[in-house]
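To start, the structure itself, in C-alpha cells.
Just so it is clear, none of the values below were taken in a lab; they were calculated from the coordinates. Please read all numbers here as calculations on a predicted model, not as lab measurements.
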Amino acid sequence: MDPHFSDATASSLRIAGAAALRLDLLQEAEEDRLAAKGRPRLWPLVVAILALVALLPVFYYVVRGSMQQSEWRQEAEAQHAEALWRCNSLQGREASDSCQLRVNAEAREAAQSRLPDTP
C-alpha cells in the first residue's frame with residue numbers, strides 16, 4: 001500500500017468517486033427525461049392508426065350492406081311498378097282493381113317480412 005494514502009483517504013476517495021458517479025447518472029437521467037419531453041410520444045399515433053385500420057373494414061361492410069339494401073329496394077320498386085302497369089293494362093275496371101289490390105297486398109306482406117321483429 002502507498003504510504004502517502006491512509007485507509008481513511010482511500011475510503012474518502014471511494015466515497016467521492018461514488019458520489020461523482022451518482023451525480024453523473026442523475027444528470028444523465030435528467031437530460032434523458034428532458035429530451036423525452038421535447039419529442040412527441042409515438043404510441044398515441046400508433047394507437048390512432050391501428051384504430052382507423054380496424055374501423056375501415058367495419059365502414060366497408062356498413063356501406064356495402066347499405067348499397068345492397070338500396071339495390072334490393074330499387075329492384076322491388078321496379079317489380080311493383082311493372083306489376084301495377086300490367087294491372088292497369090287489364091281490360092275492365094273490376095279486373096284492374098282486383099289485380100292492384102292483390103299486388104299491393106303482396107307488396108305489404110313482403111315489406112312486413114323484411115322488417116325486424118320488435119317487441
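Using the Karplus equation 6.51 cos²θ - 1.76 cosθ + 1.60 (θ = phi - 60°), what ³J(HN,Hα) coupling, rounded to whole Hz, does each residue of the stretch 76-89 give in order, writing x for Gly and Pro?
Values, residue by residue: 5, 5, 5, 5, 5, 5, 5, 5, 5, 5, 5, 5, 5, 7 Hz.
Quick one: 3J(HN,Hα) in Hz for the stretch 104-110, Karplus 6.51/-1.76/1.60 with θ = phi - 60°, rounded, Gly and Pro as x.
Each residue of the stretch 104-110 in turn: 5, 5, 5, 5, 5, 4, 5 Hz.
How much length would be gained if the chain were fully extended between Ala110 and Glu71, taking 0.36 nm per residue of separation minus their Cα-Cα distance, in nm to one decimal?
Numbers: separation 39, 0.36 × 39 = 14.04 nm, distance 1.56 nm.
Extending this stretch completely gives an extra 12.5 nm.
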